Amino acid sequence: KNKIKIACVGFYNAGKSTLLNALIGKEFFKSGDIPTTDSVDIYEDENVIYIDTPGLNANENDNMIANLGYSDSDVILFLSDIQSGGLNATEAEYLIELKNTMGSIDILKENIIFVFSNKHQVEAENIDKIIIQHKENIKKVLGRINFTWYYLVLLNL
């Protein structure tokens, strides 16, 4: 009960497993160029439970499994490929599903951290523009709520 639960969600092959491996400091979660996570995988240390979920756009079964992984998490790392230029329509659908799973927009807005992977694939001067577009797309999907915006864009995954 005293451990923080951190779930990583996003499209398959976005770098979820690689990010979690970087956070725990070792290769625990399977990663690769093809979808490799088809179940909820868990790594636990003395303070944190790390949860790796299947890619949200793989298939309906993987989506249901991913939902089980993040439904009672304290922190959700929502991983997107920065090359997409912002929140796309499919990610928007899953953001709405996340809100419904978490129970309310208030819970979601306090517990989500948006993470961009593949920073090395875009020009540095475009990163701020992409973040602004991402925020605007989220506001279109969830309404103009007062989010506490947390972004990590330091990932060359």
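If you go through region 98-140 and keep only what is open to solvent by 60 Å² or more (accessible area, probe 1.4 Å) and closer than 19 Å to residue 16 by Cα, you end up with 119, 120, 121. Among the residues making up region 112-140, those that are part of a helix (DSSP H, G or I) and acidic (Asp, Glu) are 125, 128, 136. What is the number of the single condition among (1) modelled with pLDDT of 85 or more; (2) open to solvent by 20 Å² or more (accessible area, probe 1.4 Å) that residue 20 does not meet? The number of the failed condition is (2). Looking across region 45-62 at every residue that is modelled with pLDDT under 80 and open to solvent by 10 Å² or more (accessible area, probe 1.4 Å), the one that is nearest to the chain's Cα centre (by Cα) is identified as 57. For region 70-86, filtered to residues that are modelled with pLDDT of 80 or more and in contact with a Lys or Arg (Cβ under 9 Å, 6 or more places away or on another chain), the residue that is surrounded by the fewest Cβ atoms within 10 Å (Cβ to Cβ) is 74.
The values are calculated or read from the model by the stated rules, or taken from the named source; none is laboratory data. None of these values were measured; they are calculated from a predicted model. Quick reminder, even Gly has a Cβ in these numbers, built from the backbone with ideal geometry, and neighbours come from all protein chains shown. Remember, those area values only see protein heavy atoms, side chains included, never the ligands or the DNA or RNA. Shrake-Rupley method; radii C 1.70, N 1.55, O 1.52, S 1.80 Å.
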